[in-house]
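See below for the structure under consideration.
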Amino acid sequence: MSDEAEQPADTFCPEGHPAVTCREELPVEDVQILITPAARIVDPLRKQRILDDRYLLSLLDKSGVELCSTKDNYDWEAIVKFAAFFKGKSREQALTWWRKRRL
């Protein structure tokens with residue numbers, strides 16, 4: 001990496017197109033939203049299942065570490081509504097809302 005100042009000619013490639021430059025773009029700190037099936041197999045021989053069409057919601061930090069998860073399971077429509085609320089929320093905002101709702 002050079003400490004030399006960028007020149008106006010540096011903004012174009014030799015073919016006359018805008019130059020592609022490298023720059024570091026850091027990821028946002030928004031929470032990740034994970035919807036998982038709550039279904040379980042209760043009889044392995046018969047493959048009997050319970051809680052089909054029920055889901056759990058978890059919030060993860062940017063590294064994928066679980067911050068919290070619902071205690072109860074919900075149908076698809078309800079879990080998607082919960083998940084939509086967390087879109088674009090920081091860890092702090094998401095956890096504050098989560099505690100108030102006691103999910």
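Each reported figure results from applying straightforward, stated rules to the coordinates on display, with no laboratory input. Worth saying up front: this structure is predicted, and the values here are computed from it rather than measured. Don't worry about glycine lacking a Cβ; one is built from the backbone with ideal geometry, like all the others, and counts go over all protein chains shown.
Farthest toward the positive end of the dipole of the chain, out of Val20, Gln32, Ile79, is the Cα of Ile79, where the dipole comes from beta carbon charges about the Cα centre. Pick from Arg46, Arg91, Arg54: which is most flexible by mean-square fluctuation in a GNM of the chain where alpha carbon atoms under 10 Å apart are linked? Residue with maximal mean-square fluctuation among Arg46, Arg91, Arg54: Arg46. Calculated from the structure, semi-axes √(5λ) of the Cα gyration tensor in Å equals which of [x] 38, 14, 11; [y] 47, 19, 12; [z] 19, 16, 15? The value matching this structure is [y].
Expressed as a whole number of Å, what is the distance separating the alpha-carbon centroids of the stretch 1-47 and the stretch 70-102? Cα centroid to Cα centroid, the span is 25 Å.
Only Lys, Arg, Asp and Glu carry charge here, each on its Cβ (+1 for the first two, -1 for the last two); on that basis the chain has a dipole of about 1320 debye about its Cα centre. Relative to the longest principal axis of the Cα atoms of the chain, the long axis of helix 91-101 makes an angle of roughly 20 degrees.
Across the chain, the relative contact order, built from alpha-carbon pairs under 8 Å that are at least six residues apart, equals 23 percent.
Taking the charge dipole of the chain about its Cα centre, with +1 at Lys and Arg Cβ atoms and -1 at Asp and Glu Cβ atoms, the residue from Ile50, Gly88, Thr70 reaching farthest to the positive side is Ile50.
Taking the Cα atoms only, what angle lies between the long axis of helix 76-85 and the longest principal axis of the chain, rounded to 10 degrees? So the inclination is approximately 40 degrees. Each label was represented as a point 7 Å from its Cα along the Cα-to-Cβ direction; for Arg40 and Asp53 these points are 2.1 nm apart.
Name the most mobile residue of Lys81, Lys89, Lys62, meaning the one with the largest mean-square fluctuation, in a Gaussian network model of the chain with Cα contacts below 10 Å. Per the Cα network of the chain with a 10 Å cutoff, Lys81 tops the list. Multiplying the residue separation of Thr96 and Cys68 by 0.36 nm and subtracting their alpha-carbon distance yields 8.9 nm. Largest GNM mean-square fluctuation across Ala19, Ala38, Ala83, computed for the chain with C-alpha springs under 10 Å, falls on Ala19. A protection proxy built from the mean count of other Cβ atoms within 10 Å ranks the segments 6-16, 92-102, most packed first, as 92-102, 6-16. Of all lysines in the structure, those lying under 25 Å Cα to Cα from Lys89, and not within fewer than 8 positions of it along the same chain, are Lys62, Lys71, Lys81, Lys100.
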